[in-house]
Amino acid sequence: MKERALIAVISVFFILLWASLFYTQVLRFGYYSRLSRNNSIRIVPIDSPRGNILDRNGVPLVTNRLSFDVALIYEELKDRKGLIKLLSGILKMPGEAITDALDKAGKKPYIPVTIAEDINKEKAIMLEEASCDMDGLLIQTKSKRNYLYGSVGSHCFGYLSQISEPELEGLKSYGYRMRDMIGRDGIEKFYNTYLEGTDGGIQIEIDSLGRQTRILGLKEPSSGKDLYLTLDIRLQLACDKLLGEHKGAVIAMDPRNGEVLALASHPAFDPNTFVKPKTSAERVRLLKDKTGKPMFNRAISGLYPPGSIFKIVTATSALETNRIKPDTRFFCGGSYKLGNATFDCWKKEGHGSQNIRGGLTYSCNVFFYNTARAVG
């Protein structure tokens, strides 16, 4: 009798349990589904700024600026037409472009998807105010690279660009995400891990109105390390100015320790082009230009005959071996004969009698023909 009573009690409990599960999961499905959609956890990433690049005197050359992006959480969007009208009015974006951006966001409905990048501060403020009445709309801030001197020193600094999907596959384990920027050339590439910081993020809970209810977690981003170069921006500017529209390169070094004080290559490019979102056509032009080759670093990658630069080597060799003295003089009449061959000086009428100082000052070919013969 007792066993039957126990079985009956257990059976009643199981019936109640099944009834409760049926009520919760079937009859109240719509209610709890709305709750799960309207009360959600949002993770907002916080980008870390890259380290600054400065010259030998501490003058900033490459820094970071604040950028404003428009993002959307598609699942929270309730007024699609209203959003299109809002963005079209403030950002002056074509309706088709906005529609395409919304469709793209719809493929990742639960995470913020950027639909407009690097808008100005005034428009960002207007959209931030409008986001209170527009569910799913977000204004995000991030750090953008800023090359303060434009194309000056561009081949030294290199440039940044977004990580590609194939690259992401191999770099995911290092904490990289889609749309992260990495160094592609120059110092930005060689010191990429030194300059880049560690991203952070905020985990927040929001209610059905999109309002923040509480912060669940916060990880502060850490900035990248600053990098001090041996370059002197004053000398760098002078070298770029001297090159002007000519193709060529200039390298200025400290002969005492080999420090590079300036390195210029022309034609050059503006690294800011690869950071701004609306310059894709210019980026393609720079990368595909086979005539001027603005991306080619002539200073370290070009192959040229040494020419008059080798006169320094010849003079140093002659002085160190005592084959000539500082006051040794050779006469330049405009040409130098060796057997049946005649080698001209660049100055047809010649430079007259020259010592080593005059030979270097006027780059006299004949003086160095004689010096090279004296060395042997």
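The values are calculated or read from the model by the stated rules, or taken from the named source; none is laboratory data. None of these values were measured; they are calculated from a predicted model. Don't worry about glycine lacking a Cβ; one is built from the backbone with ideal geometry, like all the others, and counts go over all protein chains shown. All accessible areas refer to the heavy atoms of the entire protein, side chains included, with ligands and DNA or RNA removed. Shrake-Rupley method; radii C 1.70, N 1.55, O 1.52, S 1.80 Å.
Per the Kirkwood formula on distinct C-alpha pairs, the Rh of segment 224-265 is how many angstrom?
This gives a value of 11.1 Å.
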* What does the accessible area of VAL26 come to, in Å² to the nearest 10, when a probe of 1.4 Å is used? -> 80 Å²
* When Lys and Arg each count +1 and Asp and Glu each count -1, what net charge do the other residues less than 9 Å away from SER143, Cβ to Cβ, add up to? -> +4
* Can you check what the Kirkwood hydrodynamic radius comes to for the chain, Cα pairs only, in Å to one decimal? => 27.0 Å
* Asked: To the nearest µm²/s, what D does Stokes-Einstein give for segment 131-172 at 10 °C and 1.306 mPa s, using the Kirkwood radius over alpha carbon pairs as Rh?
  -> 111 µm²/s
* So if R0 is 41 Å, what FRET efficiency would SER88 and THR24 give, r being the distance between their Cβ atoms, rounded to the nearest 0.05? -> 0.40
* To do: Pop out the Kirkwood hydrodynamic radius of segment 237-339 from its pairwise C-alpha distances, inverse of mean 1/r, in Å to one decimal.
  => 17.6 Å
* Please list SER67, SER353 in order of solvent-accessible area, largest first, computed with a 1.4 Å probe with all protein chains present. => SER353, SER67
* Local electrostatic count, TYR369, Cβ distance below 11 Å [Lys/Arg +1, Asp/Glu -1] -> +2
* Structure fact -> Which residues qualify? For ASP118, with a placed amide H closer than 5 Å and at least 5 residues away or on another chain, they are PHE68, ASP69, VAL70
* Report Rg (one decimal) and Dmax (nearest whole number) for segment 282-374, counting Cα atoms only, units Å. => 18.7, 57
* Arrange the residues THR316, THR114, THR193 by how much accessible surface each exposes, largest first, with a 1.4 angstrom probe. => THR193, THR316, THR114
* For labels at SER11 and GLU167 in the simple 7 Å Cα→Cβ model, what's the distance in nm? -> 7.0 nm
* Structure fact -> Once all protein chains are kept in place, ASP133 shows an accessible area at probe 1.4 Å, nearest 10 Å², of 140 Å²
* **Between 0 and 90°, nearest 10: helix 365-375 axis offset from the chain longest Cα axis** => 80 degrees
* Report the local net charge at VAL70: Lys and Arg +1, Asp and Glu -1, summed over other residues whose C-beta lies under 11 Å from its C-beta. => -3
* Report, to the nearest 10°, how far helix 121-130 tilts away from the longest principal axis of the Cα atoms in the chain, using its own Cα long axis and a range of 0 to 90°. => 0 degrees
* Computed E for LEU242/THR321 - FRET, C-beta separation, R0 45 angstrom, nearest 0.05 -> 0.85
* **Nearest-10 value in Å² for the accessible area of GLU320, using the 1.4 Å probe** => 140 Å²
* Gaussian network model of the chain, Cα springs within a sub-10 Å range: biggest mean-square fluctuation belongs to which of VAL260, VAL275, VAL62? -> VAL260
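Step through the table entries LYS311/LYS348; LYS293/LYS348; LYS247/LYS337, compare each Cα-Cα distance with 26 Å, and write down the pairs that go over it. All intermediate terms of the calculation are to be shown ahead of the outcome.
Numbers: LYS311/LYS348 19 Å; LYS293/LYS348 35 Å; LYS247/LYS337 34 Å.
In this structure, LYS293/LYS348; LYS247/LYS337 lie more than 26 Å apart at Cα.
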* Structure fact -> By accessible area (1.4 Å), largest first, ILE187, ILE163 order as ILE187, ILE163
* To do: State log₁₀ I(q)/I(0) for segment 91-141 at q = 0.15, 0.19, 0.20, 0.24 Å⁻¹ as given by the Debye formula over alpha-carbon point scatterers of equal weight, solvent excluded.
  => -0.42, -0.70, -0.77, -1.10
* Does anyone have the angle between helix 2-22 and the longest principal axis of the chain? Alpha-carbon axes, 0 to 90°, nearest 10? -> 50 degrees
